[in-house]
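**Q** Provided herewith is a single structure, encoded as structure tokens, for subsequent inquiry.
No lab work stands behind these numbers, since they all come straight from the coordinates. If you're wondering where the values come from, they're calculated on a predicted model, not measured in any experiment. As a convention, Cβ positions derive from the backbone with ideal geometry for all residues, glycine included, and neighbour counts pool all protein chains shown.
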Amino acid sequence: MDKSTIKNLMNEYKRPFYIYDEEVIDEQIQKLKDNFPEFEFLYSIKTNPNENIVKFIAKNGIGSDAASKNEVLKSVKANIPKEKIIYSSAGKTKSDIEDTYDKCIITADSYHELEIINQVAKEHGEIFRVGLRINPNYSMDSDSAVSSKFGVDEESLLEHIDFINSLKNIKICGIHVHLRSQVLDYEVLYNYYKDIFDLAVFCIDEMGFDMDYINFGGGLGIAYSDRNEELKIDFLGQKCRELVKQFKKKLNCRLIIESGRFIICRAGTYVTYVIDKKSSRSINYLIVANGYNGFHKPSLAELVVSYSQLPRENLKATEPIFTAYDANQVDILTEANEKELVTVCGNLCTAADLLGKNLELPKAEIGDIVTVSNAGSYGFTLSPILFSSHEIPYEIYLDSEKNVIINKY
Ligand SMILES: Cc1ncc(COP(=O)(O)O)c(C=O)c1O
């Protein structure tokens with residue numbers, strides 16, 4: 001992100017903001033399209049529901065992975081066609097289904113949901129084509145199955161054939177699997193996709209499902225810090241092409257991958273400024289505007305590190321709340337060469353309000369701008385922006401022509 005743009009925007013608006021760079025979003029979308037020509041993509045709106053981002057996604061032919069009724073409605077408003085909006089979440093109510101029935105493809109998350117969807121379809125006097133989320137009998141890292149609140153267990157399918165066939169107003173026409181986010185090993189993703197192809201074949205042969213589409217869920221990760229290697233997306237794409245060839249005869253259907261952070265994470269930067277500087281018993285503090293309440297992730301990472309007995313490098317992610325201790329790098333926009341060890345805090349009434357502890361940063365002065373990287377995904381949307389009634393950060397969208405579009409709150 002261009003430093004002078006950030007400085008000019010801060011001088012003009014004098015408050016913290018998120019800035020999203022369309023050029024980066026565009027590059028990420030292009031990588032997906034180039035490497036997976038046989039696949040379609042859905043943008044996971046929950047990652048960052050900013051309407052300018054959703055509009056750009058729609059303009060690029062990407063569909064929507066909608067996790068609520070309102071995300072379906074947002075997708076419709078962005079002109080995403082009905083067949084490219086897939087509504088999948090645990091715990092949909094009958095009114096969620098009624099309000100989205102004619103606006104998207106609905107993925108049932110339980111046998112009970114299949115019954116409700118059947119009921120709504122009956123009231124419409126129609127046979128409704130519906131997807132089903134399946135919790136497969138393997139996990140990303142091993143062959144063993146895990147218990148999950150999402151979907152129906154793969155091994156429960158056969159015993160539910162009669163039940164499914166008794167629902168006369170629905171026809172299952174697609175499957176959805178999602179196990180994990182932020183996978184950086186392409187072989188893990190490849191094996192996972194392969195297992196889902198096998199599951200799809202089982203669903204056709206043994207369950208009698210139609211297969212309009214297979215939704216392979218999310219999982220494409222990004223390297224948040226220098227400790228990680230980037231996902232080898234070109235290797236994964238190549239192996240997927242072979243996989244598609246292998247299954248083509250049996251499965252002539254839409255192949256769908258969901259992606260949130262891969263598309264948007266790096267495009268976003270959180271920007272704030274130093275309000276005060278102080279030193280207490282040999283620790284230097286920078287107090288910035290809107291820390292935890294502006295961008296929640298750094299504070300939560302510090303919390304996880306402080307409670308764990310493990311070395312911080314070994315901490316397991318709990319996405320999307322905790323990724324890694326160094327997932328979001330803090331920087332000071334200054335020409336100063338001198339470095340300083342500082343703890344960067346926000347201005348809330350809690351010591352847990354932190355952008356980072358003991359960071360070696362360029363020496364900052366009051367008024368200097370502070371940036372935090374990798375803030376495009378699960379940033380504004382997951383942060384407690386109302387806490388302490390501080391002013392709410394703006395969201396600024398920088399389009400490819402460098403036009404600035406601002407959401408003020
Ligand atoms: C069903 C589903 N799909 C896709 C995603 C997006 O994951 P990611 O942004 O890591 O690709 C999530 C994230 O929670 C999800 O729950």
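**Q** How large is ³J(HN,Hα) for each residue in segment 16-31, as worked out from phi by the Karplus curve 6.51 cos²θ - 1.76 cosθ + 1.60 (θ = phi - 60°), to whole Hz, x for Gly and Pro?
**A** Working through the residues one at a time gives x, 8, 9, 10, 10, 9, 4, 4, 5, 4, 4, 4, 5, 4, 4, 4 Hz.
**Q** Count charges around Val130 for me, please; just the other residues with Cβ under 12 Å from its Cβ, Lys/Arg as +1, Asp/Glu as -1.
**A** Net local charge, Val130 excluded: -2.
**Q** I've got another one for you. Please check: in the Gaussian network model of the chain (C-alpha springs, under 10 Å), which one of Tyr13, Tyr224, Tyr270 has the largest mean-square fluctuation.
**A** Tyr13
**Q** Here's another thing I want to ask about it. Given charges of +1 on the Cβ of Lys and Arg and -1 on the Cβ of Asp and Glu, with all other atoms neutral, how large is the dipole of segment 23-264 about its Cα centre, in debye to the nearest 20?
**A** Charge dipole of segment 23-264: 700 debye, to the nearest 20.
**Q** Considering the options Tyr397, Leu251, Leu32, tell which one lies farthest towards the positive end of the dipole of the chain, charges being +1 on Lys and Arg and -1 on Asp and Glu at the Cβ, about the Cα centre.
**A** My answer, from the dipole projection, is Tyr397.
**Q** Using only the Cα atoms of segment 1-59, what do you get for the radius of gyration and for Dmax, in Å?
**A** Cα only, segment 1-59: 14.6, 46 Å (Rg, Dmax).
**Q** OK, next. Please report the spacing between the Cα centers of segment 95-153 and segment 351-387 in Å, no decimals.
**A** Comparing the Cα centres of segment 95-153 and segment 351-387, I get a distance of 39 Å.
**Q** Treating only the Cβ atoms of Lys and Arg (+1) and Asp and Glu (-1) as charged, compute the dipole magnitude of the chain about its Cα centre; round to the nearest 20 debye.
**A** 580 debye
**Q** Using only Cα atoms, figure out Rg for the chain and give it as a multiple of 2.2 N^0.38 Å.
**A** Taking N as the residue count of the chain, the ratio is 1.06.
**Q** Taking every pair of alpha-carbon atoms in segment 129-198, give the share separated by more than 15 Å as a whole percent.
**A** 58 percent
**Q** Moving on. Most fluctuating residue of Tyr292, Tyr138, Tyr192 in a GNM of the chain with Cα springs under 10 Å: which is it?
**A** Of Tyr292, Tyr138, Tyr192, the most mobile in the Gaussian network model is Tyr138.
**Q** Can I ask one more? Can you say what percent of the DSSP beta bridges in segment 23-264, counting only those with both residues inside, are antiparallel? Round to 5.
**A** Taking every DSSP beta bridge with both residues in segment 23-264, the antiparallel ones total about 0 percent.
**Q** Could you state the number of Å between the C-alpha centres of segment 251-288 and segment 308-325?
**A** About 16 Å separates the Cα centre of segment 308-325 from the one of segment 251-288.
**Q** Sum up the charges of everything whose Cβ sits under 14 Å from the Cβ of Phe235, counting Lys and Arg as +1 and Asp and Glu as -1, but leave Phe235 out.
**A** Local net charge: -3.
**Q** Between segment 21-78 and segment 213-232, what is the C-alpha centre distance in whole Å?
**A** 16 Å
**Q** What translational D, rounded to a whole number of µm²/s, comes out for segment 44-130 from Stokes-Einstein when the hydrodynamic radius is the Kirkwood one over Cα pairs, at 37 °C and 0.692 mPa s?
**A** 251 µm²/s
**Q** Which value in nm describes the separation of the simple spin-label points at Glu313 and Ser139, placed 7 Å from the Cα toward the beta carbon?
**A** 2.4 nm
**Q** Hey, another quick one. Once R0 is set to 30 Å, what does the formula 1/(1 + (r/R0)^6) return for the Cβ-Cβ distance between Lys250 and Asp399, expressed as a FRET efficiency to the nearest 0.05?
**A** It comes to 0.10.
**Q** For Lys339, what charge total do you get from the other residues with a beta carbon under 11 Å from its beta carbon, if Lys and Arg give +1 and Asp and Glu give -1?
**A** -2
**Q** What percentage of all Cα-Cα pairs in segment 129-249 are separated by more than 22 Å?
**A** When all Cα pairs of segment 129-249 are counted, 39 percent exceed 22 Å.
**Q** Using a Gaussian network for the chain with springs between C-alpha atoms less than 10 Å apart, which of these wobbles most: Phe247, Phe36, Phe262?
**A** Between Phe247, Phe36, Phe262, it is Phe247 that shows the largest mean-square fluctuation.
**Q** Given a cut-off of 27 Å, name the pairs among Lys55/Lys194; Lys33/Lys249; Lys122/Lys249 whose C-alpha atoms lie farther apart than that in the structure shown.
**A** Lys55/Lys194; Lys122/Lys249
**Q** Another one. Work the Kirkwood hydrodynamic radius out for segment 1-154: mean of 1/r over every pair of different alpha-carbon atoms, inverted, in Å.
**A** Averaging 1/r across every pair of different Cα atoms and inverting gives 17.9 Å.
**Q** Okay, next question. Restricting the count to DSSP beta bridges whose residues both fall in the chain, what percent are antiparallel, rounded to a multiple of 5?
**A** Around 45 percent antiparallel, to the nearest 5.
**Q** How large is the Kirkwood hydrodynamic radius of segment 23-264, counting all unique pairs of alpha carbons, in Å?
**A** One decimal place: 18.3 Å for the Kirkwood radius.
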